[in-house]
Amino acid sequence: MNLQLLRALIRKDIKLFMSDRRAMIITFMVPIGLASFFAMIMGGSGAKSGETAKIPIMVVNQDNSKVSSEIVASLQKDKALKVQMATEKAARDSVLRGKTTVALVLPPNFGRDSSRAMFNGAKPIVTLLYDPAHNIELQMLRGILTQQVVQAASKSAFSPDTAPQNLDAQFKSIEAAPDMNPQQKAAFKDLFGSLKNYYQKTDAGTAGAGGSASGGATSPLGGGLQMPCEMKEEAVAASKGSSDLSGAAHTFSGMAMQGLLFWAIDAAIGILRERKQGLWKRLRAAPLTRGLLLAGKIGSSTLISLLTLLVVFGWGALFFHVRIQGSVLGFVLVSCCTAFMAATFGLLIAALGRTEQQSRGYAIPAVLAMAILGGAWFPSFMMPKWVQTISLAMPSRWAVDGFDAMTWRGLGLDAALQSSLVLLGFAAAFWLVAFTRFRWEADG
């Protein structure tokens, strides 16, 4: 291969790229702009962010009992929620207009019925009015509410003020139960009878000491049923602060990958335009083989792609604290293989396209599909299982995973080798198809 001619071809394409300043700036700024926008949304500005955005909810307390008041107070103390009291009509209207994520409606007699339901009584119905666009927030509130209701209702159920009445009601329900045999009824009566004796003895002892039954007696579950353990959250990442910046790092990886694929379309259009102008036909008369000419195009596109990656990740490092937490050599390797894959992809578009319009028509949807399915817009683990399987056939998936591994995950060179080898496999396939299908002259 004539390396001097190859360098001349590469130098010519890079000069053409640099000569169109507006196109060059767009090539750099589109991925930077998209990455910056999504990174700011995901809270990866690099600086210490302020208070985490709270989920706005409304509470309709139609009961106003001690139990419901305790639940409302606990919800108001939760750091993840922004609680506002409202009527049911106002809450429905707010959810309908998208101003409130979820509205909680506590029905009348909720405190009494929920404490009795601890002993197999009729369960009160709590209504959750929610915006269909916020199903995740609904599930989160359901979990928080379950904990608060269990704690408050059990505390009320076993309090000295209400436990005797609840136990008397339970005795009546046992007597009236048609599907319970005498042995079962006797067992339950002994159980609840022991609890009733406990409260009677506690009341008598408190009264004898000069106290009041209602004011001095204690409950065996004075604080209500509690969670049997505490949860400790620990983010597993390369460094203490890298987990906070994982969203920004992933966003810049994805948008850089998407930017390269769109640049590949521009490179392909340039090749088609040169062929239409007869440049390729004239080059056939020069001492240039097809392989050398196509290698020159791939070489220049690879260098421009590497420059794009350098600018995009440089911007992320300066303004969003994106760092290489893993292997620096691995990051360079993934970058080179990604740039080479993008260059061969552009050549593939030029080889398969007959006209500029036709090439754009199928290339743009293909790039968008590769970006979305490959995890460029959001992490692949958030997608359905069958989509994750399909994404393995996308070079963008391996490029983004490789960049993630070298940045915020902080993995070693071995993680970069896997992604790089797969990317080289895609590049080889693109090159093979492009080399065999490339036409020197335009149709017609």
| request: Would you point out which residue out of Arg323, Arg290 is in the same structural domain as Phe345 (by TED's automatic domain parsing) and more than 35 Å from the chain's Cα centre (by Cα)? | output: Arg290
| Is it the case that the stretch 291-303 has a residue that's touching a Ser or Thr at 6+ places or on another chain (Cβ under 8 Å) and over 21 Å from Phe438 (Cβ atoms)? | no
| query | Within the stretch 387-410, can you find the residues that are surrounded by fewer than 20 Cβ atoms within 10 Å (Cβ to Cβ) and either farther than 24 Å from Ser327 by Cβ or in contact with a helix residue (DSSP H, G or I) (Cβ under 7 Å, 6 or more places away or on another chain) (or both)? | reply | Val387, Gln388, Thr389, Ile390, Ala393
| query | From the list Lys82, Lys99, which residue is touching a residue at least 12 places away in the same chain (Cβ under 8 Å) and in a strand (DSSP E or B)? | reply | Lys82
| task | Could you tell me which residue of the stretch 43-76 is modelled with the lowest pLDDT, considering only residues that are part of a loop (DSSP other than H, G, I, E, B) and among the hydroxyl-bearing types (Ser, Thr, Tyr)? | result | Ser49
| query | Between a first residue in the stretch 409-436 that is in contact (Cβ under 8 Å) with a residue 60 or more places away in the chain and assigned by TED's automatic domain parsing to the domain that holds Gly353 and a second residue that is of a type outside the set (A, V, I, L, M, F, W, C) and surrounded by fewer than 14 Cβ atoms within 10 Å (Cβ to Cβ), which pairs have beta carbons less than 7 Å apart while being 6 or more apart in sequence or on different chains? | reply | Gly410/Ser239
| message | With the requirement that a residue be closer than 14 Å to Met257 by Cα and not in a loop (DSSP other than H, G, I, E, B), what does the stretch 365-379 give you? | response | Ala366, Val367, Leu368, Ala369, Met370, Ala371, Ile372, Leu373
| query | Looking only at the stretch 370-397, which residues are in contact (Cβ under 8 Å) with a residue 60 or more places away in the chain and closer than 19 Å to Ile265 by Cβ? | reply | Met370, Ala371, Gly374, Ala376, Trp377, Ser396
| query | Does at least one position in the stretch 85-96 carry a residue that is at pLDDT below 90, charged (D, E, K, R) and over 14 Å from Leu128 (Cα atoms)? | reply | no
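The values are calculated or read from the model by the stated rules, or taken from the named source; none is laboratory data. Here the structure is a predicted model, which is why all the values come from computation and not from measurement. Every residue, glycine among them, receives a Cβ derived from its backbone with ideal geometry; neighbour counts consider all protein chains shown.
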